[in-house]
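Working notes, beginning with the structure itself.
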């Protein structure tokens, strides 16, 4: 039997367990900005989180709701949209990196560290642009000038 058309790894889990595993890994990656897991799991979550980052860069309500649905906690979804995505505006893709680390002692499984390519602590958040499209107001010059009106003095001020 051929393997054409089969997408993703099963991890010896049923579908709902597999989705929960990937949601949890993606949530931890966004929360802690780096995680260490097995190499197959790392290879599976990188495209998952890359798609979430692309949606977070757009940042409108529809994409924010899609991100909330794909992550476990609301706080990590808000962190991705509000804090992480503005720092990654300069990069189109390739936001994450997989580095092989050591093998696990118990079962000799290859471990890998997944982290962001850019250092998120040193990159400043882009400040919102304040209405650049508005032109500064220029006072219109009138052809006829009004004569200056002198303030009226009262009888008390004359004394």
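Values quoted throughout were computed directly from the atomic coordinates according to the rules given, and no laboratory measurement underlies them. These numbers come from a predicted model, not from an experiment. Here Cβ is always computed from backbone atoms with ideal geometry, including for glycine, and neighbour counts include all displayed protein chains.
Exactly one condition in (1) under 14 Å from residue 115 (Cα atoms); (2) out of contact with any strand residue (DSSP E or B) (no Cβ under 8 Å at 6 or more places or on another chain); (3) buried (at least 16 other Cβ atoms within 10 Å of the Cβ) is false for residue 79; which is it?
Of the numbered conditions (1) under 14 Å from residue 115 (Cα atoms); (2) out of contact with any strand residue (DSSP E or B) (no Cβ under 8 Å at 6 or more places or on another chain); (3) buried (at least 16 other Cβ atoms within 10 Å of the Cβ), the odd one out for residue 79 is (1).
Which residues, counting only those in region 29-40, are touching a helix residue (DSSP H, G or I) at 6+ places or on another chain (Cβ under 9 Å), surrounded by fewer than 19 Cβ atoms within 10 Å (Cβ to Cβ) and in a helix (DSSP H, G or I)?
Within region 29-40, 31 is the sole residue that qualifies.
Against the condition loosely packed, with under 13 Cβ neighbours inside 10 Å, touching a strand residue (DSSP E or B) at 6+ places or on another chain (Cβ under 9 Å) and not in a loop (DSSP other than H, G, I, E, B), how does residue 102 come out, does it pass?
Numbers: loosely packed, with under 13 Cβ neighbours inside 10 Å: yes; touching a strand residue (DSSP E or B) at 6+ places or on another chain (Cβ under 9 Å): yes; not in a loop (DSSP other than H, G, I, E, B): yes.
Answer is yes for this residue.
Do we find that residue 45 is part of a strand (DSSP E or B) and surrounded by 17 or more Cβ atoms within 10 Å (Cβ to Cβ) in this structure? So that I can check it myself, show each step before the final result.
Working: part of a strand (DSSP E or B): no; surrounded by 17 or more Cβ atoms within 10 Å (Cβ to Cβ): yes.
Answer is no for this residue.
When you go through (1) surrounded by 17 or more Cβ atoms within 10 Å (Cβ to Cβ); (2) under 13 Å from the mean Cα position of the chain (by Cα); (3) in contact (Cβ under 8 Å) with a residue 40 or more places away in the chain; (4) under 18 Å from residue 98 (Cβ atoms) one by one for residue 50, which number turns out not to apply?
With respect to (1) surrounded by 17 or more Cβ atoms within 10 Å (Cβ to Cβ); (2) under 13 Å from the mean Cα position of the chain (by Cα); (3) in contact (Cβ under 8 Å) with a residue 40 or more places away in the chain; (4) under 18 Å from residue 98 (Cβ atoms), residue 50 is out only on (1).
Can you pull out every residue in region 1-28 that is buried (at least 16 other Cβ atoms within 10 Å of the Cβ) and touching a helix residue (DSSP H, G or I) at 6+ places or on another chain (Cβ under 8 Å)? Step through it out loud before you land on a result.
Keep residues of region 1-28 that are buried (at least 16 other Cβ atoms within 10 Å of the Cβ), which gives 18, 21-23, 25-28.
Scanning region 1-28 gives 21, 22, 23, 25, 26, 27.
Scan region 86-96 and tell me whether some residue there is surrounded by 17 or more Cβ atoms within 10 Å (Cβ to Cβ), part of a helix (DSSP H, G or I) and under 13 Å from the mean Cα position of the chain (by Cα). First the steps, then the outcome.
Step one: of region 86-96, the residues surrounded by 17 or more Cβ atoms within 10 Å (Cβ to Cβ) are 86-88, 95-96.
Filter once more, so that each one left must be part of a helix (DSSP H, G or I): 86-87.
When the remaining residues are screened for being under 13 Å from the mean Cα position of the chain (by Cα), the result is 86-87.
So far as region 86-96 goes, yes, one or more of its residues are surrounded by 17 or more Cβ atoms within 10 Å (Cβ to Cβ), part of a helix (DSSP H, G or I) and under 13 Å from the mean Cα position of the chain (by Cα).
Go through region 56-76 and count every residue that is part of a loop (DSSP other than H, G, I, E, B) and surrounded by 16 or more Cβ atoms within 10 Å (Cβ to Cβ).
Looking only at region 56-76, we keep the residues that are part of a loop (DSSP other than H, G, I, E, B), and these are 59-60, 71-73.
Narrowing the set further to residues that are surrounded by 16 or more Cβ atoms within 10 Å (Cβ to Cβ) leaves 71-72.
Of the residues in that region, 2 qualify.
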